[in-house]
Each structure stands twice: as structure tokens, then as C-alpha cells.
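Beneath this line is the structure, given in C-alpha cells, with notes to follow.
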Amino acid sequence: MAGISKRWFFASVFVAAIMGGAFSLGTYLLFFQQKPLPQPVLGGTNSAAKFTSAFEKLTKSFTVPEGMNFLLAAERSTPSVVHIRTQYKGSAGAMMGFFDDSDESSRRGMSTGSGVIISEDGFVLTNHHVIDEADEIVVTLDDKRQFNATVIGQDPTTDLALIKIQANNLVPIAYGNSDEVKVGEWVLAVGNPFDLTSTVTAGIISGKARNINLLFSNDGLAIESFLQTDAAVNPGNSGGALVNLKGELIGINTAIATRTGGYAGYSFAVPVNLAKKVAEDLYRHGQVQRALLGVSINEVTDEVARKYNLTAIRGIFVTGVNQGSGAADAGIQAGDVIISIDGKEVNTVSGLQEIVARHRPGDKVDIIIERKGEEKKLRVTLKNKRNSIGLISANLQVPQWNAEIEELSSDEKKQLKLESGLKITRLGDGLLKSNRVQEGFVITHIDKKAVRSIAELQRLLARKKNKFLLEGINKQGERAFFGIGF
């Protein structure tokens, strides 16, 4: 579904469909059961003929001014937007799933969404909520070809995910620049609402850096800096493309503001400049490498400006600085006002968070602050949540195995000629070690089912008892099999 806040209630769109059908029938009766309307008469028959002739000449010579139609944008972007269908086993299911409760033991759910092709060899960017916990992901291209997809990585803090299909010579979408997007600019939403494939709707950008309190993160690192548009977006559009009039991707459609489950005037998209960085991190590292400034912040309001004798209502007010953070190292203090980062003015918390989130630990940014009426320029080295500048690998503690599992790096994948795999980085006495599995073993399959990510392993472990077939690559680079618990 187009990601909807849990605070908003979903009602069935079937009612809307019935009402729409009733309206259409009424319109049909209105136009086809009445007598034809009389031809316009402006001062007699001769005037009517002159009017008709003049109108025909006008319409024949009329052309839509450049930049006022959507043909180019639709033609360029539609081949790069895919339909995604997900299947769920057990009691799991997407928020708009449909279930057959006749057999609880084989109960399955289904959900649909959209995605955007970002490489010729089959990488597709979509929403985390579109594919989260899915047992099967089927991607249908604009030309009707279908492929099963694998999950490369997910990031709930931005509601983005990267998946892969085995295909070549695809049409990747062209990237735009979400920083250059202006309020009032024409945009198109391309996706598959209600399974109506390759649907294009038009609207304008009606706001930027919107925080709608949609995403949740246990560590408080969720990023909401959405582009807001009035282009119609409905369930099934999630993960699709928001493009400018050049057909360039400027956002990933993610959420709608609604009380009914259908479009109610506004929708929201993750800016492409943030989405690009997340996609690259998921490809290279299996998880997002989040850079942090290390401050607690509030927006500068009239009340804040008066209370702290600020010179203007602008910037972001620093209420606290985390010890050992990049901000602390650079000398930022509570009471400072952050005016800009790398030359980009910041006036909203969400806007500042987005700019910082587009960096990685170890990156340096130039920050202008105002302190006691004077501006200062500071260079800050951003750090990760552990207050270091190193990259963090995706890993999982598996207590029942007494093991720590880590996703393979891109270099390890190339060396082993694998598209995915999980490496045992620490192995103590327990189930695996007692079955002669060694530290460094790369897991590729469990019970013949490919295990491509930490998330997939977690789902498998939730269903497995201590009896399964483990398949993978040993430290000597040879394929090996272990019957665990047999």
C-alpha cells in the first residue's frame, strides 16, 4: 500500500469504486437519455458558421507550449517503473493484504506496490514497507515480463529497500536533483495504483522537507523530509517514481495523507538525493551507513528567538551536544544556531536531518553557526552512532547457535562469485560447532532455500527448529553441506 501512518484508519476502496460506478452510470444516463444539445447560435446561422470556422482554424494551429505537457516525462519514465507483487506465508502480511482464512495452516497474504529500475542489470529501488517480510517478490516490467526478486537490503528509517532481478539491458531511470525542486513545479507520479499498471498522474510540488510522523525507529534515527505533492497517489503507488517534466526521478512515492485509504489530496515522496545514497549503501554494505552530527535540535520559532535573544527567526537551535560526537569535537555548543550546512540553508529539523543523512561516517561538512549574534564557520567530521568514523557491517547475534552472522561485503561477493551470502564471523560452542561447522563459513542456503540477507535469516530462524540442512562455502572456497540436528 502507499505507506499510511498507523494513526490513520483504512477503509475499503471497494465502496469508493461502487460510488464511482454509480456516478458514471448517472453521467451516462444524463448524456445519452436526453436529446442532443442545440448548436450554438451567435446572431443567426451565418454567425454560427463563422464561429465554427474560426474555432477549427484555431484548434488546427494550436500547439501546447514547451514545458506545458507531460508527454516526454511519461514516455521517459514509464519503462523504468515496475509492478511488485509480494506473497506472505503464515500470519504475516502487508497492511493491504488479502487473506484466505479457509485454511489457517496454509494461510497466505498478497500485497502489491511499485518500484523503480536504477540499473541496466536489474537493481530496483522501492519502499521497505512494500517488500518487508515477504516470502516471495514478483516483479513485472512495463513490457509484461516477470521475474522473481531477491532482497539486497532494507532501511526502515527511510522506508526504502533495494531488490534485484535477474535481467539485463533494462531501462534505468535518469536521476534528477531533489535539492533543485521548487514548490509549484509540475511533477508526475508513476506507478501501479489498485493494480492499474503503468499509471501516470500529474500535480505540483506543494511542499518540501515535510515530517508527517510516519516512520518509527527504536534508536530515533528515522528520517522524514518528504517532498509533498498533489499528484494522485493511491495504494499500489508505493515505491513508484515521482518525476519532473524531463522524466528524471526526484522522489520515491511513499505515503498518502488519508482517512479513507484512498487519495485525499496530498502524497509524500522520499527525495531522490537521499534515496540514491541509501541505495548505494544497501548495495555496498547491506545496510545504511548513517552519519550523525551529534546534537539535539529544535526549530527557531518566534518564541525561541525572543527567549534567547536571537537576531532572526532562522536556522536550527541547538539544545544539546552529545559527548564525543563530531559536533562536540568541532566546538558546537548548546545555544548555537545552525544556519547552513555545506552552503545549504537549514530552517527545518527534517531538512537538516536529510542533509546530514546523505553523508557517511568520516565525511566532513562545513557548518555556519550563529553564536551571540556572530556567525562562525566550523568544519565537522561526522561520526556513526558509536561515535567513530568507521563503517558498520550488518550483523546478527544468533543465541541458539552461539554465533555472530554478518552479510558479505561487495568485495567478498566478487571473490566468491556470489550475489549474496552470510558469513559466520564468530562461532562458539553450540549447535553449529558440534556439527563441525567452522568460523568463516559462508551460508548460502538453509533447507535448499536461498538466504540472501540478515532479514531473511531472521525469518527462517523464527520458523526452524534445530534440525535443518545448511549449505554454503567453507574457508577453503569449497561448497559444503551440513545436516544440522540429524
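The values are calculated or read from the model by the stated rules, or taken from the named source; none is laboratory data. Note that the coordinates shown come from a computational prediction; the quantities given were computed from them, not determined experimentally. With ideal geometry, Cβ positions are generated from the backbone for all residues, glycine too; neighbour counts draw on all protein chains shown. Protein only, heavy atoms only, side chains kept; ligands, DNA and RNA dropped before computing areas. Shrake-Rupley method; radii C 1.70, N 1.55, O 1.52, S 1.80 Å.
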task = Please work out which residue is farthest from the chain's Cα centre (by Cα), limiting yourself to region 65-105 and to residues that are modelled with pLDDT of 55 or more and of a type in the set (S, T, N, Q).
result = 69
message = For region 365-399, which positions are out of contact with any Lys or Arg (no Cβ under 9 Å at 6 or more places or on another chain), in a loop (DSSP other than H, G, I, E, B) and open to solvent by 90 Å² or more (accessible area, probe 1.4 Å)?
response = 372, 386, 399
task = For residue 265, state whether it is in contact with a strand residue (DSSP E or B) (Cβ under 8 Å, 6 or more places away or on another chain), surrounded by 23 or more Cβ atoms within 10 Å (Cβ to Cβ) and either on the phi > 0 side of the Ramachandran plot or among the charged types (D, E, K, R) (or both).
result = no
query = Which of the following residues is modelled with pLDDT under 90, closer than 24 Å to residue 280 by Cα and not in a strand (DSSP E or B): 413, 465?
reply = 413
inquiry  = When you check residue 286 against the structure, is it out of contact with any Pro (no Cβ under 9 Å at 6 or more places or on another chain), under 18 Å from residue 221 (Cα atoms) and crowded, with 24+ Cβ neighbours inside 10 Å, yes or no?
reply    = yes
Any hit, region 430-450, residues being touching a Ser or Thr at 6+ places or on another chain (Cβ under 8 Å) and under 18 Å from residue 399 (Cβ atoms) = yes
request  = Report whether or not residue 300 is buried (at least 24 other Cβ atoms within 10 Å of the Cβ), of a type in the set (Val, Ile, Thr) and touching a residue at least 12 places away in the same chain (Cβ under 8 Å).
outcome  = no
message = Residues that are open to solvent by less than 10 Å² (accessible area, probe 1.4 Å), over 28 Å from residue 162 (Cβ atoms) and either among the polar types (S, T, N, Q) or part of a loop (DSSP other than H, G, I, E, B) (or both): does region 424-439 have at least one?
response = yes
inquiry  = So, residue 355, is that one β-branched (Val, Ile, Thr), within 19 Å of residue 281 (Cβ to Cβ), within 22 Å of the chain's Cα centre (by Cα) and surrounded by 19 or more Cβ atoms within 10 Å (Cβ to Cβ) or not?
reply    = yes
task = Taking the options 326, 343, 294, name whichever one is open to solvent by less than 40 Å² (accessible area, probe 1.4 Å) and out of contact with any helix residue (DSSP H, G or I) (no Cβ under 7 Å at 6 or more places or on another chain).
result = 326
ask   = Restricting region 286-326 to residues that are over 23 Å from residue 158 (Cα atoms) and aliphatic (A, V, I, L, M), which is farthest from the chain's Cα centre (by Cα)?
value = 310
inquiry  = Going by what's in this entry, would residue 316 be described as crowded, with 18+ Cβ neighbours inside 10 Å and either in contact with a Leu (Cβ under 6 Å, 6 or more places away or on another chain) or in contact (Cβ under 8 Å) with a residue 60 or more places away in the chain (or both)?
reply    = yes
query = Does residue 219 meet the test of being out of contact with any helix residue (DSSP H, G or I) (no Cβ under 8 Å at 6 or more places or on another chain), at pLDDT below 90 and open to solvent by 10 Å² or more (accessible area, probe 1.4 Å)?
reply = yes
task = Scan the strands (runs of 3 or more DSSP E) fully inside region 211-320 and keep the ones with 3 or more residues being over 30 Å from residue 200 (Cβ atoms).
result = 295-299
